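First comes the structure, then the notes that go with it.
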Amino acid sequence: MFLTTAILAAPGLLCMQAADARTLPQFAKLRETELQNLVADGPSDKMIHVDLIFKTQPNFEVLKAGFGKISDEELPKALRQKSLEICQPEQAAALKIISAQYAEGNADQIAALWLTNVVGVTTTPEVILELAALPEVNYVHYDPPREGVLLDSGTGRGSTCDQNTINSPWGWKRMNAKGQGSVIAVIDTGTCYTHPDLVNNIWVNPGEDLDGDGVTWDADDMNGIDDDGNGYVDDLIGWAFDHTTGTPNNPMDHGYHGTHTSGTVVGDGTDGSEVGTAPGAKVMPVRTSTLITHEIEVWQGMEYAMLMDADVISMSLGWWYGWLPDRATWRANCDNTQASGVMMVIAAGNEGSWYGIQSVRTPGDVPDVTTVGATDCSDNIASFSSVGPVQWADVPPYNDHPHPPGLNKPDVSAPGVDTLSTYPCSGYTTLSGTSMATPHVAGAAAILRSIRPDLSVAECKAALMATSVDFGPPGLDNQFGAGRIDVAEMLKTYAPLRADIYKLGAATGGTVNFTIEGTAARAGHNYWLLGSASGNEPGTTLPGGIVMPINQDWLFNLIMAQTNGPIFQNNRGSLDGAGFGSATVQVTPGMIPGSLVGQFVSFACATSPGSVADYTTNPVNLEILP
Ligand SMILES: [Ca+2]
Ligand SMILES: [Ca+2]
Ligand SMILES: [Ca+2]
Ligand SMILES: [Ca+2]
């Protein structure tokens, strides 16, 4: 305090401080020249936001390997515990200094991470030098607020592409694949959770929902207590990390960007337009500052989403290289998040006119995340969409993907020109940017994670890429990535082996003609429709089954043949390429075995002939009439 006061009282001393600072050994730990200049030449009461990057960094892949068998639900908390054991001892001295300075009014916006070993603080040059002198601090990163959201002016034509461009409605209708059960953290300006299209699609933290009614932003549950012990009081639906609010548990959109991106993920069309890719999924609103954001706010948001077990993180934001983002720490945060089982979907950036290795922003440049470029409604790449490749050769400790050739980015693309989505807090508007493309991919990822929880993050990324529609130069390229995503193709290839019979027509007249409608998902597999008949002895199984070949025709007829042997026989192939179809079962008069009359036939599906019905969920029963 004495030194600060003295400098304030005598401005002439500033130059002396500058000279002194430059000769201090910790000065070399200030990573950016701009930070060095601020510390050396700026006024002593200048508040500067910095991140302290500590020496020992937790690697969640390594930590995870030490756990042995652990459930997906337990993994995030176990990782936090292990990581805290690494981070807390190294952070202790710094946090002691910072809390003392906070009491003096010289420190603010304090954040201690465990996703990586980082502490963020807004403080004075003098304190920054004191912190940099700590042996545990590897370096100090300058982290001023930046406008990281990725909007573009678009075409202004007002034409919009709808979800049909990526074939999401196909999956909704044919397979009821809407992302049910998936949670997507949208790290953005907040989400208007009262919008009619979103209010029923907002994640509710079960650990804080005391009355268990699942009501979004339920005043009844605000008791001022951190009931689930996650470190956040009354975080009913998410959190605001922007330090600009007195109610950080209220992640209401304080702009419009986050409501728009949230709508593209889960908007359910209540207000009139079906703008969401995964209308059965839930959004976890994670708010950062209005358009202007510190890097560490986003890292805190990732840490929260990971701890609260989100399936996907959608980030329509990025730092261009001119802002000198801490690429290594971004990559470590992304890698640790994904190691915990959360898939990260991130915008490429809106610097499409910049070619070469400066175009894709950070963290869209992180190798293992799913990076998204923007297309228009005619599958042209948007002129603003950032292009790859990226390189990491000069970023320790990674030093990989040297250029040329660098690493191909983006990974996939999706519509992002004049995209219609939700606007706070009712109705819709069109916006453009890789910001708008990204939540389409996050929604597709949510659908995939919903139907295939067995797939790893890397496998989900590979699935999205493998089923994209190739545009531009043949194969993987640095504009479209693998191509424009296609939810129908993704489902046709990756839907689980499963068949559901959901409708059975009534038997008519004296004959027994009836229709079975159902789904037998996934192309390239033979499906067997098994029949069993039971009368006085329910469950008596008849032998046999028949192969229903996969082709482009939806309808197939099955003819009941005989008691001993295949009881169904198809005379016309069925199931479309995706394996969605309906079957008309004809029981030809005279071919009905007398023993079946008056009995019940149940239908189910199986993966092999003669096996039990191993993947149907709703076998149906029909009485065989004479
Ligand atoms: Ca409640
Ligand atoms: Ca809590
Ligand atoms: Ca509470
Ligand atoms: Ca291509």
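Being within 16 Å of ligand 4 (Cβ to nearest atom) and either of a type outside the set (Gly, Ala, Ser) or under 23 Å from Gly280 (Cβ atoms) (or both) holds for only one residue in Pro453, Pro473, and it is Pro473.
Considering Thr288, Thr261, the condition of being under 19 Å from Ile346 (Cα atoms), crowded, with 24+ Cβ neighbours inside 10 Å and at pLDDT below 95 is satisfied by Thr288 alone. For the structure I just gave you, tell me whether Gly190 is in contact (Cβ under 8 Å) with a residue 60 or more places away in the chain and either surrounded by 15 or more Cβ atoms within 10 Å (Cβ to Cβ) or away from ligand 2 (no atom under 13 Å from the Cβ) (or both). Answer is yes for this residue. Return a yes/no flag: does segment 357-368 have any residue that is surrounded by fewer than 24 Cβ atoms within 10 Å (Cβ to Cβ), at pLDDT below 95 and more than 24 Å from the chain's Cα centre (by Cα). Taking every residue of segment 357-368 in turn, at least one turns out to be surrounded by fewer than 24 Cβ atoms within 10 Å (Cβ to Cβ), at pLDDT below 95 and more than 24 Å from the chain's Cα centre (by Cα). Is it fair to say Asn223 is within 13 Å of ligand 3 (Cβ to nearest atom), of a type outside the set (Gly, Ala, Ser) and assigned by TED's automatic domain parsing to the domain that holds Cys425? Spelling it out, it is not the case that Asn223 is within 13 Å of ligand 3 (Cβ to nearest atom), of a type outside the set (Gly, Ala, Ser) and assigned by TED's automatic domain parsing to the domain that holds Cys425. Is one or more of the residues making up segment 236-244 in the same structural domain as Asn176 (by TED's automatic domain parsing), surrounded by fewer than 22 Cβ atoms within 10 Å (Cβ to Cβ) and more than 23 Å from the chain's Cα centre (by Cα)? Within segment 236-244 (the criterion being in the same structural domain as Asn176 (by TED's automatic domain parsing), surrounded by fewer than 22 Cβ atoms within 10 Å (Cβ to Cβ) and more than 23 Å from the chain's Cα centre (by Cα)), the answer is yes, since at least one residue qualifies.
Evaluate segment 233-241: report whether one residue or more is closer than 16 Å to Ala442 by Cα and either aromatic (Phe, Trp, Tyr) or more than 14 Å from ligand 3 (Cβ to nearest atom) (or both). No, every residue in segment 233-241 fails to be closer than 16 Å to Ala442 by Cα and either aromatic (Phe, Trp, Tyr) or more than 14 Å from ligand 3 (Cβ to nearest atom) (or both).
Here Pro474 meets the list (1) within 27 Å of Ala339 (Cβ to Cβ); (2) outside any helix (DSSP H, G or I) almost entirely, failing just condition (1).
Has segment 153-170 got at least one residue that is of a type in the set (D, E, K, R), surrounded by 19 or more Cβ atoms within 10 Å (Cβ to Cβ) and away from ligand 3 (no atom under 16 Å from the Cβ)? The answer is no; no qualifying residue exists. The set of residues from segment 197-228 being in contact with a strand residue (DSSP E or B) (Cβ under 9 Å, 6 or more places away or on another chain) and either in a loop (DSSP other than H, G, I, E, B) or within 16 Å of ligand 4 (Cβ to nearest atom) (or both) comprises Asp197, Leu198, Trp203, Val204, Asn205, Thr216, Trp217. Taking segment 193-225 as the range and being in contact (Cβ under 8 Å) with a residue 12 or more places away in the chain and of a type in the set (Asp, Glu) as the test, the residues that pass are Asp197, Glu208, Asp209, Asp218, Asp221. For segment 312-328, does any single residue satisfy the condition of being buried (at least 24 other Cβ atoms within 10 Å of the Cβ), in contact (Cβ under 8 Å) with a residue 40 or more places away in the chain, of a type in the set (Lys, Arg) and assigned by TED's automatic domain parsing to the domain that holds Pro439? No.
Looking only at residues of segment 172-220 that are over 21 Å from Ala442 (Cα atoms) and of a type in the set (A, V, I, L, M, F, W, C), we find that the one that is nearest to ligand 3 (Cβ to nearest atom) is Leu210. Looking across segment 299-311, the residues that are crowded, with 24+ Cβ neighbours inside 10 Å and assigned to a helix (DSSP H, G or I) come down to Trp299, Gln300, Gly301, Met302, Glu303, Ala305, Met306. With respect to the conditions (1) in a helix (DSSP H, G or I); (2) touching a strand residue (DSSP E or B) at 6+ places or on another chain (Cβ under 8 Å); (3) among the hydroxyl-bearing types (Ser, Thr, Tyr), Ser450 lacks only one, and its number is (2). Quick check: is even one residue across segment 147-159 in a loop (DSSP other than H, G, I, E, B) and at pLDDT 95 or above? No, segment 147-159 contains no residue that is in a loop (DSSP other than H, G, I, E, B) and at pLDDT 95 or above. Residues satisfying the criterion are absent from segment 229-249 (criterion: over 17 Å from Ser168 (Cβ atoms), free of Cβ contacts under 8 Å to residues at least 40 places away in the same chain, within 16 Å of ligand 2 (Cβ to nearest atom) and not in a loop (DSSP other than H, G, I, E, B)).
Give the number of residues within segment 164-208 that are under 25 Å from Ile237 (Cβ atoms), polar (S, T, N, Q) and away from ligand 1 (no atom under 16 Å from the Cβ). Final tally of qualifying residues: 6.
The values are calculated or read from the model by the stated rules, or taken from the named source; none is laboratory data. In this text, all values refer to a predicted model and were calculated from it rather than measured experimentally. We place every Cβ from the backbone using ideal geometry, glycine too, and count neighbours over all the protein chains shown.
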